[in-house]
Amino acid sequence: MINALDAEDSSVRLQAALAVGSNPDPVFLERLVERCAVEPDFFVRDMLSWALTRLPPEITLPRIRRELASGRPQARSQALHTLSKIGDKSTWVWITRDMLRDADDEVARTAWRVAVVLVPKDEENDLADELVLQLGRGDRNVQLSLSRALVDLGDVIKPALGRAAESSDPAVAAHARATELLRQNPETGFDAALDEAKRVVALGPKRAAAAAAASAGTETSETAKVAETNEPAETTEPAETTEPAETTEPAETTESMEAAGAAGAAGAAGASEGADC
């Protein structure tokens, strides 16, 4: 089974990790930890961590702690990930500031997630102050990871985010504002929140608010114009229905009067002729 953990086929390695976890035995501890440091497949790495959580924590945790100081970034990252899976709150003290600021993005991202899981209540404010120091760091995925970690801390992040939002660094200020938008409404997409935050930072809060108000006013005005345009159509329809009846009746009356007048004239003429005779 140990040989299978090194197989060329990732599906064989996955099945081996599953088998080890299903039949936990301390004899596999060292090989599982070593494999975590070099395993290239994400799903296999996750299965290796799961297998480690199946072993007694009193023998697993000391070995994982040694990996936190490894010179191999993947070893550090996977050791942190395994700590989050075990969830032993006593290991919080192992999460150092150096880990939260690690130069390797993957190590730092994992450290942020683990810190939020393990932090004691009375240290959440300090953690929030530490995490905001990383605002503006890295690409979209790195920034998204940090925002999620901060949002998971809850309302304690508001003061720290408020200060960061006033930063002279546009990237930091925008990331802080985007994170605050996510805190207020977790359903907001990160990209949309970041775009809105960048707009506010570029224009300034007052100008951005004025532009938003003007935009809302324009939309209201356009809606009113549409309503006014539609009004005549609504009032004209009844007139179109009644007009033919109104114009037809006089025509029929006039024709009848003309016919009656002609008949009367003819009768008068006939009477006159008869009299002359």
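The values are calculated or read from the model by the stated rules, or taken from the named source; none is laboratory data. The structure presented is a predicted model; accordingly, all values stated were derived computationally and were not measured. Here the Cβ positions follow ideal geometry from the backbone for every residue, glycine too, while neighbour counts run over all protein chains shown. Accessible surface areas use protein heavy atoms only, side chains included; no ligands, DNA or RNA. Shrake-Rupley method; radii C 1.70, N 1.55, O 1.52, S 1.80 Å.
Output the qualifying pairs, or none if there are none: Cβ atoms under 7 angstrom, residues six or more apart or on different chains, first residue in the stretch 183-206 and on the phi < 0 side of the Ramachandran plot, second residue open to solvent by 50 Å² or more (accessible area, probe 1.4 Å) and not hydroxyl-bearing (Ser, Thr, Tyr).
From residues that are on the phi < 0 side of the Ramachandran plot, the pairs are 188/181; 193/181; 196/181; 197/177; 197/181; 200/177; 201/170; 201/177.
Could you say which residue among 142, 132, 114, 119 is among the aliphatic types (A, V, I, L, M), surrounded by fewer than 21 Cβ atoms within 10 Å (Cβ to Cβ) and under 23 Å from the mean Cα position of the chain (by Cα)?
The match here is 142.
Taking the stretch 54-72 as the region of interest, how many residues are open to solvent by 20 Å² or more (accessible area, probe 1.4 Å) and under 11 Å from residue 29 (Cβ atoms)?
Looking only at that region, the number is 5.
Within the stretch 75-93, how many residues are assigned to a helix (DSSP H, G or I), closer than 19 Å to residue 46 by Cβ and among the small types (Gly, Ala, Ser)?
4
From the list 153, 182, which residue is within 16 Å of residue 200 (Cα to Cα) and either of a type outside the set (Phe, Trp, Tyr) or out of contact with any Pro (no Cβ under 8 Å at 6 or more places or on another chain) (or both)? Full working, then the answer.
Details: 153 fails: within 16 Å of residue 200 (Cα to Cα).
The match here is 182.
Looking at residue 20, is it crowded, with 19+ Cβ neighbours inside 10 Å and not hydroxyl-bearing (Ser, Thr, Tyr)? Before the answer, list the steps.
Details: crowded, with 19+ Cβ neighbours inside 10 Å: yes; not hydroxyl-bearing (Ser, Thr, Tyr): yes.
Criteria met by residue 20.
A quick yes/no check of all residues on (1) at pLDDT 95 or above; (2) farther than 30 Å from residue 118 by Cβ; (3) open to solvent by 80 Å² or more (accessible area, probe 1.4 Å):
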{"position": "151", "(1), (2), (3)": "yes, no, no"}
{"position": "188", "(1), (2), (3)": "no, no, no"}
{"position": "194", "(1), (2), (3)": "no, no, no"}
{"position": "224", "(1), (2), (3)": "no, yes, no"}
